[in-house]
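Working notes for the structure below.
The values are calculated or read from the model by the stated rules, or taken from the named source; none is laboratory data. Computed from a predicted model, the values in this text were never measured in an experiment. FYI the Cβ positions are ideal-geometry reconstructions off the backbone, even for glycines, and counts take in every protein chain you see.
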Amino acid sequence: MTRLALTTTLALLLLPTFAMADRGFSGRSAWNVQLNDATTQSIVEQLKTDFRHCQAAPKIYRYDCYRRSYRTGAQSLNGSRAYAPIAKALQLIENRIGAAVTANLDPDQPNLRENLFVQHRAVKPAAVPLIKEATIAAMEEATTILLRTPDNEKKKHFQQIAAVIQSNKVLLRSALLSLPQTVIRLARLLGPSIGHG
């Protein structure tokens, strides 16, 4: 394959990725985007959709998936002064999850590949509870930062992003609680039969 053909093929493969990075801005560059309902709602929907998608992944890959979700949200706002505080809050979450994942990588597990461009790293199963707590703490800190904005014009947009982070945090906490409740219910069901065995 010639260099020109290889470059053309690579450009065609990367085209969907570049298009996705600019979603929500109707083809405009992020640098001149002011706070607006369409852009804010686009970020909200992306964070909701990605987070639920990540929850379907095996636990050892889930947190690198969450990290990527917040990274995507932050990157789509890169260069916009109006959205800079939101981008920083999303980057805070991405960085904290990324640090926890990197510190607990499982070298014995392969990466989980979603498609040609996206793959997730595995963490050690024993580290999952600690990474969950680090993720929840990062979400809480980012939410607090967003809700402290004194600017009334920005408040609505910041509150919407804070609300979706809070919603994702609740989903994550419920996942933490679901296993123990299942175990308790199972123990209650098996209790009498075990006693009579």
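Here is how the numbers come out for the structure above:
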quantity: Any hit, region 123-145, residues being acidic (Asp, Glu), surrounded by fewer than 16 Cβ atoms within 10 Å (Cβ to Cβ) and not in a helix (DSSP H, G or I); calculated: no
quantity: Selection count where residues are more than 18 Å from residue 118 (Cα to Cα) and of a type in the set (Ser, Thr, Tyr), scope region 68-99; calculated: 2
quantity: Subset of region 74-114 (residues that are in a loop (DSSP other than H, G, I, E, B) and more than 17 Å from the chain's Cα centre (by Cα)); calculated: 79, 80, 81, 82, 83, 104, 106, 107, 108, 109, 110, 111
quantity: Residue in region 71-79 that is touching a helix residue (DSSP H, G or I) at 6+ places or on another chain (Cβ under 8 Å) and farther than 30 Å from residue 33 by Cβ present; calculated: no
quantity: Of all residues making up region 124-158, the number that are more than 22 Å from residue 35 (Cβ to Cβ), of a type outside the set (D, E, K, R) and more than 16 Å from the chain's Cα centre (by Cα); calculated: 5
quantity: Hits in region 56-73 - residues which are more than 10 Å from the chain's Cα centre (by Cα) and either outside any helix (DSSP H, G or I) or not charged (D, E, K, R) (or both); calculated: 56, 57, 58, 60, 61
quantity: Condition check for residue 172: under 28 Å from residue 88 (Cβ atoms), modelled with pLDDT under 95 and surrounded by 10 or more Cβ atoms within 10 Å (Cβ to Cβ); calculated: yes
quantity: Check on residue 46, closer than 18 Å to residue 162 by Cβ and either aliphatic (A, V, I, L, M) or without any contact (Cβ under 8 Å) to a residue 24 or more places away in the chain (or both); calculated: no
